[in-house]
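The block underneath contains the structure these notes are about, expressed in structure tokens.
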Amino acid sequence: MRYKDPFTQKYKEKTKGGFRTKREAQIEAMEEERKLLEGIEQAPISLKDYLKEWLIQYKKDVVRKNTFEIHERNIRNHIVPYFKKIQLSDIKPIMYQKFLNHIIDQGYSKRTGEIIHSTMHNALERAVTIGALEKNPTAGAIVKGVKKEKDLKYMESNHIAHFLQTAYQYNYIYWIFFKVLIETGMRKGEAAALQWPDIDLKEGKIHINKTLDFKAKANEDRFGDTKTYSSRRTITISAGLVQDLQFHIKHQNQNKLALNDIYHHDLNLVLCRNDGDIMPTSTLFNAFARILKQAGLPNLPIHSLRHTHAVLLLEAGAEMKYIQERLGHGSIQVTSDVYAHVSKKIDEDTMDKFEQHMKDVLQ
């Protein structure tokens, strides 16, 4: 059959044999014409090129920056290296299922497999919508494996006071940074992005509405969206933390007077270096590790302070729904999955104490 390519406007011919009857050939020709009219039969495009266009046309400046980076990383590190130069139209369901199995066989977790699958399914679903594919070959695919229970890392409550005392002796600016993390459960990027208008000391509230991109070079690129929509939240802080922040204002004002034009007034950061500039992640990581070592405490990641806050709330008897909203999780299921083990342990410890108390009462 002869047809005009909608992009080049040049006439092309497409032939296909193997039909048993003339009627079969006519039916196939009609189907091909339908594809042409609907835009499905277009110039061949490789999966690699399609995914590049998909990122630019449908994801860039549409989804949050960290979501875009996840998609881009999945394509660069996993999808393209596996499928190489394959044509978009040549991907079949069985082939795609083998790809997902390969991801798990490489030692990646089920969760990682699900995230990669989400990128590919999303991209090819768009290909169906725009007529580049008839069906999505990723539909119905499954990610094998068992979700592993993460070994939740957090600081024991009886270690917190000693840790903070050691931090204060090490360097005041790290003490205030880590104390805010422990008392609020914020992610480090959220804490690093805090500006003074985000804090209402009179009402004792912090408005969390952005996160800091530690890698950005220009000031205008440093502040981005929170991890998810649910991460935008307002939390109440303790009277003790309000007092700490009131003192911190005085500390900063002294630095501003001493440094004058050298101080980064434009950033207006709450948690920063003495000159008002951001604290790079490398210095935060190094300081945290050194303080733990000086305090004689087990090595932990900074993110463990977020978990520490959640555990403190659980120990204080907070409901899981309250913890979800305070941490900015998208659903209570996420919160329950992460902290179910700790919650169960607290319940068991409480019951042990209750039983012992009842024994004392009944004696």
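Just so you know, all these numbers are worked out from the coordinates, no wet-lab data involved. Computed from a predicted structure; not experimentally measured. Quick reminder, even Gly has a Cβ in these numbers, built from the backbone with ideal geometry, and neighbours come from all protein chains shown.
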Open item on the list: I need the phi-derived Karplus couplings for the range 157-168: 6.51 cos²θ - 1.76 cosθ + 1.60, θ = phi - 60°, integer Hz, Gly and Pro marked x.
Closed with: 4, 6, 9, 5, 4, 5, 4, 5, 4, 5, 5, 5
TODO: Please work out the ratio of the alpha-carbon Rg of the range 244-291 to 2.2 N^0.38 Å and round it to two decimals.
DONE: 1.23
Task: Over the range 39-184, equivalent-ellipsoid semi-axes from the Cα gyration tensor in Å - done: 43, 19, 12
- [ ] For Arg23 paired with Ile346, estimate the spin-label separation in nm (one decimal), with each label point 7 Å from Cα along the Cα-to-Cβ line.
- [x] 7.3
TODO: Would you mind checking the pairs Lys59/Lys210; Lys60/Lys321; Lys59/Lys227; Lys179/Lys256; Lys110/Lys210; Lys250/Lys293 and listing those with alpha carbons more than 26 angstrom apart?
DONE: Lys60/Lys321; Lys110/Lys210; Lys250/Lys293
Open item on the list: Sort 188-197, 324-333 by the packing proxy (mean of other Cβ within 10 Å over each peptide's residues), most packed first.
Closed with: 188-197, 324-333
Task: For the range 299-310, Karplus couplings with θ = phi - 60° (6.51, -1.76, 1.60), whole Hz, Gly/Pro x - done: 5, 9, x, 4, 4, 4, 5, 5, 5, 4, 4, 4
- [ ] Give, rounded to the nearest 20 debye, the magnitude of the charge dipole that the range 152-280 has about its Cα centre when Lys and Arg contribute +1 at Cβ and Asp and Glu contribute -1 at Cβ.
- [x] 280
Task: Volume of the Cα convex hull of the range 143-229, divided per residue and given in Å³ - done: 187
- [ ] Pop the C-beta distance of Ala318 and Ile94 into the FRET formula with R0 = 45 Å and round what comes out to the nearest 0.05.
- [x] 0.40
Task: Length gained when the stretch Asn260-Gln356 is fully extended (0.36 nm per residue, less Cα-Cα span) - done: 28.4 nm
Open item on the list: Check which residues have an amide H placed less than 5 Å from Thr234's amide H, if you skip close sequence neighbours.
Closed with: Ile208
Open item on the list: Averaging over every viewing direction, what projected area does the convex hull of the Cα atoms of the range 197-339 cover, in nm²?
Closed with: 10.4
Open item on the list: Going by average Cβ density within 10 Å per residue, which order do the peptides 299-305, 199-205 take, highest to lowest?
Closed with: 299-305, 199-205
Task: Mean projected area (nm²) of the alpha-carbon convex hull when the range 47-129 is viewed from all directions - done: 5.2
Task: For Cys272, distant residues with modelled amide H under 5 Å away - done: none
Open item on the list: Can you tell me the length gained on complete extension of the stretch Ile45 to Asp221, counting 0.36 nm per residue apart and subtracting the Cα distance?
Closed with: 60.0 nm
